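Here the structure is laid out as structure tokens; the discussion comes afterwards.
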Amino acid sequence: MNKSLKKSYLIFIWHGFFLTLTMSMIDFNTVFPSLVSTLIDSKIIFGLLYSIMLGAPRIFNIIFSHYMNGYDYRKKFLLIGIYLRAFSFLGMAGFTYYFGSSSPDLVIISFFFWVLVFSISGGFASISYGDIIAKTVASEERGKLYASKQFAASLAAFMGGMVVQNIFSGDRFGFPLNYSITLFIGFVGLIIAALAFWLIKEPPSVSKDEDLLSLKEYIKKVPGILKKDKNFASFIIIENMASFSLMLLPFYIVYAQDSFGIGSDYIGRYLLFQIAGTIVSNLFWGYISDKLNSQAVVRICILGGAVIPIIALLLSNFGPETYSIIFFLIGFLISGRKVGFEPYLLEIAPDDRRTVYLGIRGTLNFLVVLLPLMGGIFIDLFGYLFTFILVSAVMSAAYYLLRKENSAS
């Protein structure tokens, strides 16, 4: 490994470490669902917040990618996105601390704004991040980088999980101080995570004709790109179907609360099981990525997304301790998605259209916008059993399509 590549590895691993430590403080599958359900007892509002969190950046991604195409250097957009996301943490921490007990409805209303800032800034940063990592790390080295970054991130997540468990166990910190502390730690963590990117030497981007088009003309070219690149079109379809697994992720802990009547002391326990699954799975995903390819990682992740809802229904009969297995499996799945989907896209995206592909991918993965809200509505109207089985069926269909595509190629 040459000196420049080693430096890039260290920069991305530093960022991944502190970003994951930060995100443990607002973990979307344990901490944040518990906070929202403490503030308001409505699965539809809960689902709507998650739709904004996961879907807002998708809506704007094609606009962001078009805007960035006019610039040869995109590091500044990455830093702007990170800092905006950091201040959204600070805003949520402040509103939770000052109004969590006296005016929970006001906190929920403010969350719609802060979550929107959090999501859009994340989408803004992710496009420039994907472009920079592709420019500074050769394709044959990316699988190892993602696996290494994920391993370091898993250690950070474990540290974050211990912090969360300590904050929420016992009566040391009551509501709303407990959630305010975790959110403030998230703010500090993102500021530290961004420091490494000031050191990276970003090569200029390769220009393409799309850079000179107006936004309207740029959008008109999207159908032609999809028609010409069948692999990319297939990727978009499969990722939309695979997004159904994301529909349930924030509801697994809510399902445990409804089934077992557990309190906030289980937040840290479940988060640690999720982190353990992430750590244990890293060697497995790294091996699959190196020996096979990113598509194989995606295929296994999709299969896991089909199986986990069924296991959750079965384990709901055995108590909250046994149900911890679900969060171990969720950690396994989350790690695989990170190691699989983005490297898979970078493999099929032409170098001179990378930001275009990243933007199209983000915007056309439109089901992410709707699925959490649909999950809340379905659970309210039809219950957990119907919703979990529906997700399992869709994920099974996505697995079949990806296997069929792999056989055809």
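Would a scan of the range 241-250 turn up a residue that is within 19 Å of the chain's Cα centre (by Cα), modelled with pLDDT under 80 and outside any helix (DSSP H, G or I)?
Looking through the range 241-250, at least one residue is within 19 Å of the chain's Cα centre (by Cα), modelled with pLDDT under 80 and outside any helix (DSSP H, G or I).
Got a sec? Which of Leu183, Leu199 is under 19 Å from the mean Cα position of the chain (by Cα) and of a type in the set (A, V, I, L, M)?
Leu183
Out of the residues in the range 303-334 meeting the condition of being in contact with a Phe, Trp or Tyr (Cβ under 6 Å, 6 or more places away or on another chain) and under 21 Å from Leu283 (Cα atoms), tell me which one is surrounded by the fewest Cβ atoms within 10 Å (Cβ to Cβ).
Only one residue fits best here, namely Leu303.
Select, from Ser139, Ser169, Ser214, Ser205, the only residue that is touching an Asp or Glu at 6+ places or on another chain (Cβ under 6 Å) and modelled with pLDDT under 75.
One residue alone meets the criteria, Ser205.
Can you find a residue that is among the β-branched types (Val, Ile, Thr), modelled with pLDDT of 85 or more and in a helix (DSSP H, G or I) anywhere in the range 28-37?
Scanning the range 28-37 turns up at least one residue that is among the β-branched types (Val, Ile, Thr), modelled with pLDDT of 85 or more and in a helix (DSSP H, G or I).
Answer yes or no: is there a residue in the range 98-117 that is without any contact (Cβ under 8 Å) to a residue 12 or more places away in the chain, of a type in the set (Ser, Thr, Tyr) and part of a helix (DSSP H, G or I).
Checked against the condition, which is being without any contact (Cβ under 8 Å) to a residue 12 or more places away in the chain, of a type in the set (Ser, Thr, Tyr) and part of a helix (DSSP H, G or I), the range 98-117 yields at least one hit.
Can you tell me which of (1) at pLDDT 80 or above; (2) over 24 Å from Met25 (Cβ atoms); (3) touching a Lys or Arg at 6+ places or on another chain (Cβ under 9 Å) is the one Lys227 doesn't meet?
(3)
Ser103 is checked against (1) at pLDDT below 90; (2) farther than 18 Å from Val31 by Cα and fails just one. What number does that condition carry?
Unmet for Ser103, out of (1) at pLDDT below 90; (2) farther than 18 Å from Val31 by Cα: (1).
Sort out which residues of the range 227-240 are in contact (Cβ under 8 Å) with a residue 60 or more places away in the chain and either assigned to a helix (DSSP H, G or I) or under 29 Å from Pro309 (Cα atoms) (or both), and write them in order of number.
Scanning the range 227-240 gives Asn231, Phe232, Ser234, Phe235, Ile236, Ile237, Ile238, Glu239, Asn240.
Inspect the range 164-172 for any residue being closer than 27 Å to Val368 by Cβ and in contact (Cβ under 8 Å) with a residue 40 or more places away in the chain and give the result as yes or no.
Yes, that holds for at least one residue.
Any idea which of (1) closer than 21 Å to Ala156 by Cβ; (2) of a type in the set (Ser, Thr, Tyr); (3) surrounded by fewer than 23 Cβ atoms within 10 Å (Cβ to Cβ) is the one Tyr270 doesn't satisfy?
All conditions pass for Tyr270, except number (3).
The values are calculated or read from the model by the stated rules, or taken from the named source; none is laboratory data. For clarity, every value in this text was computed on a predicted model and none was experimentally measured. Glycine also receives a Cβ, built like all others from the backbone with ideal geometry; neighbour counts cover every protein chain displayed.
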